[in-house]
1. Can you tell me which residue in region 1-44 is farthest from residue 58 (Cα to Cα), limited to those that are among the aliphatic types (A, V, I, L, M) and open to solvent by 50 Å² or more (accessible area, probe 1.4 Å)?
2. Counting just the residues of region 45-60 that are in a loop (DSSP other than H, G, I, E, B) and open to solvent by less than 50 Å² (accessible area, probe 1.4 Å), which one comes out farthest from residue 94 (Cα to Cα)?
3. From the list 45, 4, 31, which residue is within 10 Å of the chain's Cα centre (by Cα) and of a type in the set (S, T, N, Q)?
4. When the residues of region 91-112 are filtered to those that are part of a helix (DSSP H, G or I) and touching a residue at least 60 places away in the same chain (Cβ under 8 Å), which remaining residue is nearest to residue 72 (Cα to Cα)?
5. Consider only pairs whose beta carbons are under 8 Å apart and that are at least six residues apart or on different chains; among these, list those whose first residue lies in region 63-74 and is within 12 Å of residue 38 (Cα to Cα) and touching a residue at least 40 places away in the same chain (Cβ under 8 Å) and whose second residue is in a helix (DSSP H, G or I) and hydrophobic (A, V, I, L, M, F, W, C).
6. Only one of these is over 14 Å from the mean Cα position of the chain (by Cα) and open to solvent by less than 50 Å² (accessible area, probe 1.4 Å): 83, 65, 91. Name it.
7. Select from region 45-74 the residues that are among the charged types (D, E, K, R) and closer than 13 Å to residue 6 by Cα and list them in ascending order.
Amino acid sequence: MPFTVFYLDDEEALCEIFSDFFSSDSVQIETFSEANSLFEATLRTPPDLFFIDYRLPEQNGDEIAKALPQSIPKVLVTGEIRADYTYDFIAVLSKPYDYKLVQEIIDRYKPL
């Protein structure tokens, strides 16, 4: 069973890039451009790891992280100079993010 990562970003091009770059035989990437789809998919089949954009049209990534299952690790991705968040993310990545760092996070949480 592949390790599943959910990526939420309202910029669809960034969703496509994330999926193309990090999908593999052992890692399944599912992307979402709006939060409701992410919540619905999480209820059906929770992922192993979340990457959540901070600046979204209806809610910010901090609010979304708090509404998701607390047991699943979350990474905040932001282009903001000072993102105002209180959730205890496992990492906070600045856009443009370092692809090597994203891969290291995935590898750290993916079972061997």
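The values are calculated or read from the model by the stated rules, or taken from the named source; none is laboratory data. Since this is a predicted model, take the numbers as computed values, not measurements. When we count neighbours, we look across all protein chains shown, and the Cβ atoms used for this are built from the backbone with ideal geometry, even at glycine. The accessibility values were calculated without ligands, DNA or RNA, using every heavy atom of the protein model including side chains. Shrake-Rupley method; radii C 1.70, N 1.55, O 1.52, S 1.80 Å.
1. First pass over region 1-44, keeping only residues among the aliphatic types (A, V, I, L, M): 1, 5, 8, 13-14, 17, 27, 29, 35, 38, 41, 43.
Of the ones still in play, those that are also open to solvent by 50 Å² or more (accessible area, probe 1.4 Å) are 1, 13, 17, 43.
Values: 1: 33, 13: 19, 17: 23, 43: 20 Å.
In this case the residue turns out to be 1.
2. The residue in question is 47.
3. When all the criteria are applied, what remains is 31.
4. 109
5. If the second residue must be in a helix (DSSP H, G or I) and hydrophobic (A, V, I, L, M, F, W, C), the pairs left are 64/35; 64/38.
6. Going through 83, 65, 91 in turn, just one is over 14 Å from the mean Cα position of the chain (by Cα) and open to solvent by less than 50 Å² (accessible area, probe 1.4 Å): 83.
7. 48, 53, 74
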